[in-house]
Amino acid sequence: MHNANPAPLTARRSKALEGTAQVPGDKSISQRALILGALAEGETVISGLLESGDVHSTAQALRGFGASLTRVGPGNWRVQGLGVGNWRAPAAPLDFGNSGTGSRLVMGAMATTPITAVFTGDASLRSRPMARVVEPLLAFGVTYEGQGPKALMPLTLHGAGEAQAIDKTLSVASAQVKSALLLAALNARGTTHITQNTLTRDHSEKMLAAFGARIKVTPLPDGGETILVEGPAVLKACTVDVPRDPSSAAFAIVAALIVPGSRIELPGIMLNPRRAGLIETLLEMGAKIEIANRRSSGGEESGDLTVRYSALKGVEVPPDRAPAMIDEYPILAVAAAFAAGKTAMRGLEELRVKESDRLEAVAAGLKANGVQYEIEGDDLIVTGGAVPGGGTVATHMDHRIAMSFLTMGLASQNPVTVDDVTMIATSFPEYQDLMRDLGADLK
């Protein structure tokens, strides 16, 4: 998949990176704050919201349901919600751009309201499977028409009337699927039980509790958990201060670790344990990352990071860590390329259904730049050392592939080019300016 008007960019071996990286607000929290604000009664006040294409697409879609969303300044928004079950049928198709998170969560949020909506997006989003979200929603009484067996967009969703609570065990570890079911449960009668055998991001649970939902999380002996949500729910508007996105911070962190002599600071980074898998792994690899001023807001922990150039070594990354770093495997593969020895990343099947088949895209990028690797089933094994570079990477309109391989070029022996960076704006519009301010050679 390619952009008709691509904007290539090349990263070259850089001098030591230094300075402070003010990364944008967390995308997962930003998306959920808008959606829950639109479901709540009263005015939700949000600060630190990520100003990206994905988030703006979700905001515009929520306006289609009748909610009022107003930007009052950079990162500062006010959302006047309609209350659970009171969304109105959109008059036109909802265009989510590149936002997989926004579209899938909104499907859940409207699933138990008896209205119909058409979901669509850009070429990348229209190629991504929606069946994995809408099929579980059928238990609530939802019906839909999508394109083919994967239920590709454009997809028409018919919300259920008089929905009843369900008891569902998730077959795949996915925070998006889980969150869609939790949001649907808000307008279902009775107590919904959602069981996951592998832990995934818990932002939805934390934020639902902050908005007043009756929600309880019960750990299971085998390491999983069951989440109980009582419906119909009444959500009350609240104030949300969005912490800074660890997934966006990942590129500056790894850049500082692999460019000799670097030292950078990253204030206010979210440290939710279920999002900190990359930092945990990098520390095991020998990364010099210091965390200070730990604090909590709205149930989410954050802290200030100092990162220094480090001699990394290869490690074994267990499959049960995947949910805590699913978006960070491309940039971890880049770090692994510069580490001594082999890094084995296990259980990456979820990467195959992201913005691109990220596992294949990462492998192709490594190959183009002379890095040795193996794919064994859903495992990626990278042999690190000096990175030749010199390749051009096909991004497949995937922002994380683009930013990951630009990071590689900052420390490789030869420049690394990515074929398109236009889609980076969907998650991290400040990326190029921020990295250049630290000293990155991007042209």
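For (1) outside the structural domain of Phe140 (by TED's automatic domain parsing); (2) acidic (Asp, Glu); (3) at pLDDT below 95; (4) touching an Asp or Glu at 6+ places or on another chain (Cβ under 8 Å), each residue gets a yes or a no:
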residue: Ala4; (1), (2), (3), (4): yes, no, yes, no
residue: Gly19; (1), (2), (3), (4): yes, no, no, yes
residue: Glu43; (1), (2), (3), (4): no, yes, no, no
residue: Ser47; (1), (2), (3), (4): no, no, yes, yes
residue: Leu50; (1), (2), (3), (4): no, no, yes, yes
residue: Leu62; (1), (2), (3), (4): no, no, no, no
residue: Thr70; (1), (2), (3), (4): no, no, no, no
residue: Ala89; (1), (2), (3), (4): no, no, no, no
For the structure I just gave you, tell me whether Glu290 is over 19 Å from Asp26 (Cβ atoms) and either touching an Asp or Glu at 6+ places or on another chain (Cβ under 8 Å) or in a strand (DSSP E or B) (or both). yes
Among the residues of the range 265-294, write down those that are within 22 Å of the chain's Cα centre (by Cα) and not hydrophobic (A, V, I, L, M, F, W, C). Pro267, Gly268, Asn272, Pro273, Arg274, Arg275, Gly277, Glu280, Thr281
Cross-chain or 6+ apart pairs with Cβ under 8 Å, the range 375-395 first and closer than 18 Å to Pro330 by Cβ, then of a type in the set (Asp, Glu) and modelled with pLDDT of 95 or more: Leu380/Glu374; Ile381/Glu374; Thr392/Asp419; Val393/Asp419; Ala394/Asp419; Thr395/Asp419; Thr395/Asp420
If we keep just the residues of the range 196-237 that are among the acidic types (Asp, Glu) and part of a loop (DSSP other than H, G, I, E, B), which is surrounded by the fewest Cβ atoms within 10 Å (Cβ to Cβ)? Asp222
I'd like to know if the range 384-400 contains one or more residues that are in a helix (DSSP H, G or I) and surrounded by 24 or more Cβ atoms within 10 Å (Cβ to Cβ). yes
Quick one: is Ile331 outside any strand (DSSP E or B) and either over 30 Å from Ala209 (Cα atoms) or in contact with a helix residue (DSSP H, G or I) (Cβ under 6 Å, 6 or more places away or on another chain) (or both)? yes
Specify which of the listed residues (Asp398, Asp437) is closer than 26 Å to Ser174 by Cβ, under 25 Å from the mean Cα position of the chain (by Cα) and in the same structural domain as Tyr309 (by TED's automatic domain parsing). Asp398
Where residues in the range 423-433 are modelled with pLDDT of 95 or more and surrounded by fewer than 20 Cβ atoms within 10 Å (Cβ to Cβ), which of them is farthest from the chain's Cα centre (by Cα)? Asp433
Within the range 255-278, restricting attention to residues that are in contact with an Asp or Glu (Cβ under 9 Å, 6 or more places away or on another chain) and β-branched (Val, Ile, Thr), which residue is surrounded by the fewest Cβ atoms within 10 Å (Cβ to Cβ)? Ile264
Selection within the range 16-43 - crowded, with 24+ Cβ neighbours inside 10 Å, of a type in the set (D, E, K, R) and more than 22 Å from Arg214 (Cβ to Cβ): Asp26, Lys27
Go over the candidates Lys206, Lys216 one by one and state the one that is within 20 Å of the chain's Cα centre (by Cα), farther than 30 Å from Met435 by Cβ, of a type in the set (Lys, Arg) and assigned by TED's automatic domain parsing to the domain that holds Ile35. Lys206
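The values are calculated or read from the model by the stated rules, or taken from the named source; none is laboratory data. Computed from a predicted structure; not experimentally measured. A quick note on method: Cβ atoms are made from the backbone with ideal geometry, for glycine too, and the neighbour counts reach across all protein chains shown.
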